[in-house]
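This report concerns only the one structure given below.
No lab work stands behind these numbers, since they all come straight from the coordinates. Quick caveat, the model's predicted, so the values are computed rather than measured. Here the Cβ positions follow ideal geometry from the backbone for every residue, glycine too, while neighbour counts run over all protein chains shown.
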Amino acid sequence: MDVALQQAHHGAAAGLLVVADEQTAGRGRRGQAWASPAGAGLYFSLLLRPPLTGGDEVFGSASRSSPASLLTLAAGVAVSEGIETATGLDVSLKWPNDLLVGRRKLAGILAEGVELGTSTQAVVLGIGINVNEAAFPAPIADRVTSIAAELGRTLDRGHILSAVLTALARQYQVLLHARYDDVLADWRKRAPSAFGREVEWDTRNGVLSGVTAGLDDGGALLVRTRQGLERVIAGEVRWL
C-alpha cells in the first residue's frame, strides 16, 4: 500500500500493481494489523484513478452512487468472483470489505484515497487473500481461514491473482459505465449477512445495535434499530 500510494502521489498511471510475497507491517481497516506470512497469501495493491464526479467529495461515504464511492464494494464482488472462478470455493461478502467462508475471514480489502475531489484523484485498493495454510497469530487463528484449508489442497497463487485481476478489470468497467445498480445488485447477492442479521457498532454517542436491512444506493449499510433506520457509512460493524 505504501509503495502504491507513494507512486500515486508521483503521478503514476492507473493500473499500477504492487505485489508482495510477504508483509512485515500489513494493515487493515482502522489501523488493524493484517497477518501476511511469506508464501501463504496474495498481498497486492492496485492503483486506480476513478473519474471525478459529484458524489466523490468524501470517499466511501457519498449519499449517491459514484465510481469512487462504490469502489470497495465492486472490489469485493470482483475478488469473490475471482476466487470462485479459480478455485470453485463459495465466498460471501460482509460489509464493507471482508470476504468470508462461513463466519471465518478469508480476505480483506483496504481502499485509500489520494487527492480526492481533485482532477488527479486516485484510489489504491489493497487486497489480502489467505491462499495456502499458515500459522496465524493466536488472537485471530480461530476467526480466519484459507482457501487451502477449505479445499484441502495447496493452490497456485498466480492463477488466483490472474482470475481476481480479470474480475477487477470487469467490475471497474461496470463502474466507469455508471452501471451502479449492477454493482449493488451483485454485492447484495453475495452478502446474505446484509439482511436480517443482528449487529452492533460504535458511534460518537456509544454503541448502537439493530438488524441489517440491506444497502442504500450509496453503498451504506442500513440497520433497523429501536430508534428507526440508521445509515452506517463507516466504522467496524460487529455481527452478533
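Which of rounded, prolate or oblate describes the stretch 142-197 when judged by the alpha-carbon gyration tensor and an a/c cut-off of 1.5? Since a/c reaches 1.5 but b/c is at least a/b, the shape of the stretch 142-197 is classed as oblate. Each Lys or Arg adds one and each Asp or Glu takes one away; over the other residues whose Cβ falls under 15 Å from the Cβ of His9, this sums to -2.
Each residue of the stretch 110-119 is assigned a 3J(HN,Hα), and the resulting list reads 10, 10, 10, x, 10, 6, 4, x, 10, 5 Hz, derived from the Karplus form 6.51 cos²θ - 1.76 cosθ + 1.60 (θ = phi - 60°), x at Gly and Pro. Semi-axes of the equivalent ellipsoid for the chain, computed as √(5λ) from the eigenvalues of its C-alpha gyration tensor and ordered from largest down, come to 25, 23, 17 Å. Using only side-chain charges placed at the Cβ, +1 for Lys and Arg and -1 for Asp and Glu, the dipole size of the chain relative to its Cα centre rounds to 440 debye.
By the compact-protein rule of thumb, 2.2 N^0.38 Å, the alpha-carbon radius of gyration of the stretch 162-240 corresponds to a ratio of 1.28. What shape does the stretch 108-240 have by the C-alpha gyration tensor, where a ≥ b ≥ c are the square roots of the eigenvalues, rounded means a/c under 1.5, and otherwise prolate means a/b greater than b/c and oblate the rest? Taking the square roots of the gyration eigenvalues as a ≥ b ≥ c, the stretch 108-240 is oblate.
GNM remark for the chain: springs join alpha carbons under 10 Å apart, and the peak mean-square fluctuation among Glu84, Glu198, Glu115 falls on Glu115. This model, with +1 at the C-beta of Lys and Arg and -1 at the C-beta of Asp and Glu, gives the stretch 87-144 a dipole about its Cα centre of some 220 debye. Taking each DSSP H run with n ≥ 4 as -39500 (n - 2.57) and averaging over every residue of the chain yields -8000 deg cm²/dmol at 222 nm. Backbone phi angles across the stretch 198-215, fed through the Karplus curve with coefficients 6.51, -1.76 and 1.60 (θ = phi - 60°), yield HN-Hα couplings of 6, 9, 9, 7, 8, 10, 4, 9, x, 8, 10, 9, x, 10, 5, 9, x, 10 Hz in residue order; Gly and Pro are listed as x. Taking a ≥ b ≥ c as the square roots of the eigenvalues of the Cα gyration tensor, the stretch 193-239 is classed as rounded, since a/c falls below 1.5. For the chain, excluding the exposed loop sites themselves (trypsin sites (Lys or Arg not before Pro), DSSP loop, at most 16 other Cβ atoms within 10 Å), the longest remaining stretch covers 1-63.
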